[in-house]
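Structure first, then comments.
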């Protein structure tokens, strides 16, 4: 398993850099930089700027996010912050407040 | 909860710091943790921690139990046991209810196991 998983019940305060997929189910405060896919799962609380290959949000994110490929805000997901990505989808039932820059 | 540390990780409930992941900061909370990458900062968990071969922690570790196949550079405080495998390397002060060191492991520092001293040794 070449993944990093921040499981439920775990809190990380600091900076994560990863050259692989990252799944967040717990709490992250700080910064997350990942080359591949990042998934913020239901129940996760992220207070961090996120820079990823691609980003899927179905938990709660407060911070600016950018993705080389795409950002998907899924149903139940909540994002407060600016999005910078060439492709962005926002599903029915998601919440979002922030600026969008798709001109990357 | 501690079962995962013996090698049967199925990606269930434990947190994993993957091979090419580096965390600079503090990890806390409740749950097991498998470290294949690098952590600099601090670990304070209620749960079992495994530092896999190639993995490293450069920080103090507080946890329920710890298995070291990689490298730990920092003080270790556990409510249960520490196992240092043949490939493991630990430098720091070790405080634990039990400590086991396999042949081939490298340890530098002090070991303070928690047990009752015989009467005649107590001043």
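The values are calculated or read from the model by the stated rules, or taken from the named source; none is laboratory data. Small disclaimer: the values here were computed from a predicted structure and weren't measured. Note that each Cβ is placed from the backbone with ideal geometry, even for glycine, and that neighbours are counted across all protein chains shown.
Listed values, structure above:
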{"item": "Failed item in (1) within 14 Å of chain A (Cβ to nearest Cβ); (2) out of contact with any helix residue (DSSP H, G or I) (no Cβ under 8 Å at 6 or more places or on another chain); (3) modelled with pLDDT under 95; (4) surrounded by 17 or more Cβ atoms within 10 Å (Cβ to Cβ), with residue B:63 passing the rest", "result": "(3)"}
{"item": "Any chance residue A:9 is under 10 Å from the mean Cα position of the chain (by Cα) and closer than 24 Å to residue B:47 by Cβ", "result": "no"}
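One line per residue, one yes/no per condition, for (1) crowded, with 19+ Cβ neighbours inside 10 Å; (2) within 14 Å of chain A (Cβ to nearest Cβ); (3) touching a helix residue (DSSP H, G or I) at 6+ places or on another chain (Cβ under 8 Å); (4) modelled with pLDDT under 95:
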residue: B:40; (1), (2), (3), (4): no, yes, no, no
residue: B:53; (1), (2), (3), (4): no, no, no, no
residue: B:58; (1), (2), (3), (4): no, yes, no, no
residue: B:78; (1), (2), (3), (4): yes, no, no, no
